[in-house]
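Engineer: Below: one structure in structure tokens.
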Amino acid sequence: MRAGIRPRGGPFIPVGEITLRASRSSGPGGQHANVTASRIEAVFEVEGSLTLNESQKARVTRKLGPVVTAVSQDARSQTRNRDLALERLESKLADALAVPRRRRPTKPTRASKTRRLESKRHRSETKRSRRRPGPDD
């Protein structure tokens with residue numbers, strides 16, 4: 001059992017800030033699925049978080065909304081589904097908290113300019129050679 005999640009690029013979020021709900025799993029499974037609440041839904045309310053700062057809250061809310069949810073019903077075990085749901089929530093939050101790197105504007109190199117102009121000259125010469133000869137040729 002995990003005590004919390006640590007999204008890449010973010011702070012440690014204790015399980016106390018995450019609401020875990022169990023319900024019956026859908027799909028096949030026979031008698032076992034009809035009696036066990038193995039589906040886990042992990043819900044994280046961004047505004048109520050004490051660990052995220054305001055800029056992190058704004059970033060997550062902008063990308064995922066005010067409530068982030070992750071569901072798991074893959075395994076038969078409730079504890080395994082709990083871990084899977086927390087991993088999925090951690091992954092979603094890590095993606096939302098990631099700050100994209102700023103683009104550094106670059107200039108074309110002298111060699112690339114020369115290659116471009118040379119290819120334009122070559123193309124122009126090719127088209128000129130395809131023309132019908134004029135009266136002075």
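Engineer: For region 117-134, does any single residue satisfy the condition of being assigned to a loop (DSSP other than H, G, I, E, B), over 20 Å from the mean Cα position of the chain (by Cα) and either of a type in the set (Phe, Trp, Tyr) or within 30 Å of Arg8 (Cβ to Cβ) (or both)? Lay out the reasoning, then the answer.
Structural biologist: Start the filter on region 117-134 by keeping residues that are assigned to a loop (DSSP other than H, G, I, E, B), which leaves 131-134.
This time we only want the ones that are over 20 Å from the mean Cα position of the chain (by Cα), so: 131-134.
Next, from what is left, pick out any that are either of a type in the set (Phe, Trp, Tyr) or within 30 Å of Arg8 (Cβ to Cβ) (or both): none.
No, there is no match, as no residue in region 117-134 is assigned to a loop (DSSP other than H, G, I, E, B), over 20 Å from the mean Cα position of the chain (by Cα) and either of a type in the set (Phe, Trp, Tyr) or within 30 Å of Arg8 (Cβ to Cβ) (or both).
Engineer: So which of Ala70, Ala58, Ala94 is in contact with a Gly (Cβ under 8 Å, 6 or more places away or on another chain) and either of a type in the set (Ser, Thr, Tyr) or closer than 30 Å to Ile18 by Cα (or both)?
Structural biologist: On the way: Ala70 fails: in contact with a Gly (Cβ under 8 Å, 6 or more places away or on another chain); Ala58 fails: in contact with a Gly (Cβ under 8 Å, 6 or more places away or on another chain).
Exactly one residue qualifies, and that residue is Ala94.
Engineer: Same structure again: Counting only residues that are at pLDDT 75 or above and of a type in the set (S, T, N, Q), how many does region 27-41 have? First the steps, then the outcome.
Structural biologist: Of region 27-41, the ones at pLDDT 75 or above are 36-41.
Filter again for of a type in the set (S, T, N, Q), leaving 36, 38.
Of the residues in region 27-41, 2 are at pLDDT 75 or above and of a type in the set (S, T, N, Q).
Engineer: May I ask you to say which residue of Thr106, Thr51 is closer than 30 Å to Gly4 by Cβ and of a type in the set (Val, Ile, Thr)? Talk me through it step by step, then tell me what you get.
Structural biologist: On the way: Thr106 fails: closer than 30 Å to Gly4 by Cβ.
Checking each option against the conditions leaves just Thr51.
Engineer: Still on this model: Sort through Val46, Val15, Val67, Val60 and tell me the only one that's among the β-branched types (Val, Ile, Thr) and loosely packed, with under 14 Cβ neighbours inside 10 Å. So that I can check it myself, show each step before the final result.
Structural biologist: Numbers: Val46 fails: loosely packed, with under 14 Cβ neighbours inside 10 Å; Val15 fails: loosely packed, with under 14 Cβ neighbours inside 10 Å; Val60 fails: loosely packed, with under 14 Cβ neighbours inside 10 Å.
Just one listed residue meets the conditions, Val67.
The values are calculated or read from the model by the stated rules, or taken from the named source; none is laboratory data. Predicted model, so just to flag it, every value in this text is computed and none were measured. Ideal geometry is used to build each Cβ from the backbone, glycine not excepted, and the neighbour counts take in all protein chains shown.
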